[in-house]
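Undergrad: Sharing a structure with you now.
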Amino acid sequence: MKRRPLILVLLLMAVVLLAGCSSKDGSTVKLAYVAWDSEIASTNVVKEVLESKLNVKVEMLQVDAGPMWAGIADGSADAMVAAWLPGTHASYLEKYGKDIEDAGVNLDGTKTGLAVPAYMEINSIEDLNNAEVAATLDKRIIGIEPGAGIMTATESALEAYGLSEYTLLESSSAAMAQELQKAFDKNEPIVVTGWTPHWMFANMDLKYLDDPKNVYGGAEQIHTMVRKGLKEDMPDVHLFLSQFKWTAEDMAQVMVKIQGGQSPEDAAKEWVENNEAKVNEWITGISS
């Protein structure tokens with residue numbers, strides 16, 4: 001398998017960004033997140049509720065997946081709502097789990113894998129071994145940020161299915177979706193690392209390639225992870241985070257608005273205003 005080298009300086013910058021004191025004085029909640037469309041949506045909704053309902057100042061820290069987990073573990077970030085388990089982030093949970101509190105599931109029924117436009121005639125990852133298929137794809141799979149769990153799983157998939165001649169291209173979530181949209185609009189073949197919920201499945205007719213070797217695993221959940229001690233330092237924040245739970249349809253509403261040109265902040269604010277009953281469930285029992 002061919003793979004572009006990691007850009008180590010980006011990881012170093014991410015670590016520096018997360019470095020410093022945590023918000024144990026209660027003045028600011030630091031939310032770590034990766035710039036995946038799903039986590040941009042969820043983190044901005046959490047930020048909006050914290051600021052508008054709990055009157056808590058929020059600082060958002062955009063990092064890669066590894067530094068996100070490390071930041072919660074070492075206390076330089078307070079929380080994240082982006083832990084894909086049990087499969088995608090299994091290696092991070094194994095490494096940092098003992099130093100992190102799992103505050104519960106915030107979304108059920110996620111899925112990851114290799115996705116293609118529905119007009120393509122292939123249906124399984126095994127079909128990528130076909131010489132004609134490989135040629136039409138230029139032996140490329142469009143990925144996202146290095147270090148993301150789905151990238152690690154895709155590396156394993158390329159090995160498991162004997163696809164060593166394929167190149168897994170590192171990019172970003174936004175760049176991957178842009179390449180997919182361009183190919184889809186031209187009815188061209190393309191394979192990307194995909195996951196749901198994601199706006200691209202709402203805007204384009206896509207399908208997952210079957211994974212008979214079960215490299216990507218089955219349905220997953222997204223968990224909320226918080227630093228140890230948050231419950232004692234900021235009990236209202238901890239209670240809200242432990243009660244935050246929504247659906248893939250909820251998340252998709254925010255993602256589609258953002259993809260359509262609305263700012264993440266405005267899309268989150270609009271969703272919170274339009275879903276008062278659900279938001280009130282999240283903040284039930286909070287004294288402030």
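The values are calculated or read from the model by the stated rules, or taken from the named source; none is laboratory data. Given the structure is predicted, the values throughout are model-derived calculations rather than measurements. With ideal geometry, Cβ positions are generated from the backbone for all residues, glycine too; neighbour counts draw on all protein chains shown. Heavy atoms of the whole protein, side chains included, go into the accessibility calculation; ligands, DNA and RNA do not. Shrake-Rupley method; radii C 1.70, N 1.55, O 1.52, S 1.80 Å.
Undergrad: Dividing the Cα radius of gyration by the Kirkwood radius, what Rg/Rh value follows for the chain?
TA: That ratio equals 0.98.
Undergrad: Then there's this: Of the candidates VAL192, VAL215, VAL34, which one comes out as most mobile in a Gaussian network treatment of the chain with C-alpha springs shorter than 10 Å?
TA: Highest fluctuation of the listed residues: VAL215.
Undergrad: Working out 0.36 nm times the residue gap between LYS245 and ASN214, then minus their Cα-Cα distance, what length gain in nm do you get to one decimal?
TA: So the chain would gain 8.4 nm between LYS245 and ASN214.
Undergrad: How are the C-alpha pair distances of region 58-127 spread across 10 Å bins, as whole percents from the shortest bin up?
TA: All Cα pairs considered, the percentages come to 16, 40, 23, 15, 5.
Undergrad: In whole percent, how big is the carbon plus sulfur part of the accessible area of the chain, probe 1.4 Å, protein atoms only?
TA: Within the chain, the accessible surface is 51 percent carbon and sulfur.
Undergrad: May I ask you to work out the translational diffusion coefficient for region 185-253 at 37 °C, viscosity 0.692 mPa s, via Stokes-Einstein with Rh from the Kirkwood sum over Cα pairs, reported in whole µm²/s?
TA: Result for D is 209 µm²/s.
Undergrad: For ASN129 and GLU188, what is the calculated FRET efficiency with R₀ set at 30 Å and r taken between the beta-carbons, to the nearest 0.05?
TA: It comes out at approximately 0.90.
Undergrad: Extension gain GLN62-THR284, at 0.36 nm per residue separation less the Cα-Cα distance, in nm?
TA: 77.0 nm
Undergrad: What are the ³J(HN,Hα) values, in whole Hz, obtained from phi via the Karplus relation 6.51 cos²θ - 1.76 cosθ + 1.60 with θ = phi - 60°, for each residue of region 167-172 in sequence order, with x given for Gly and Pro?
TA: Each residue's phi maps through the Karplus curve to give 9, 8, 7, 7, 8, 9 Hz.
Undergrad: Take each of the peptides 103-114, 255-266, 129-140, average the number of other beta-carbon atoms within 10 Å over its residues, and list them starting from the highest.
TA: Averaged packing, sorted descending, gives the order 103-114, 255-266, 129-140.
Undergrad: Next up: Cα centroid distance between region 160-204 and region 124-157, in Å?
TA: Answer, in whole Å: 9.
Undergrad: Beyond 19 Å between alpha-carbons counts as too far, so tell me which of LYS53/LYS245; LYS30/LYS231; LYS57/LYS257 fall in that bin.
TA: Table pairs above 19 Å Cα-Cα are LYS57/LYS257.
Undergrad: Tell me which residues come under 5 Å, amide H to amide H, from GLU220 once H is placed; ignore anything under 5 positions away on its chain.
TA: Placed amide hydrogens put GLY109, THR110, LYS111 under 5 Å from GLU220.
Undergrad: More than 18 angstrom separation, counting every C-alpha pair in region 76-186; what % is that?
TA: 59 percent
Undergrad: Taking the highest mean first, how do the peptides 219-230, 276-287 order by number of other beta carbon atoms within 10 angstrom per residue?
TA: 219-230, 276-287
Undergrad: Report Rg (one decimal) and Dmax (nearest whole number) for region 226-288, counting Cα atoms only, units Å.
TA: For region 226-288, the Cα-based Rg and Dmax read 13.8, 40 Å.
Undergrad: I'd like the distance between the alpha-carbon centres of region 215-288 and region 51-114, rounded to an integer number of Å.
TA: Their Cα centres are 12 Å away from one another.
Undergrad: Chymotrypsin sites (Phe, Trp or Tyr not before Pro), restricted to region 44-122: which are DSSP loop and have at most 15 other Cβ atoms within 10 Å?
TA: TYR119
Undergrad: Which of the lysines could be linked to LYS213 by a straight reach, that is with a Cα gap under 18 Å, when you skip same-chain ones fewer than 8 residues away?
TA: LYS111
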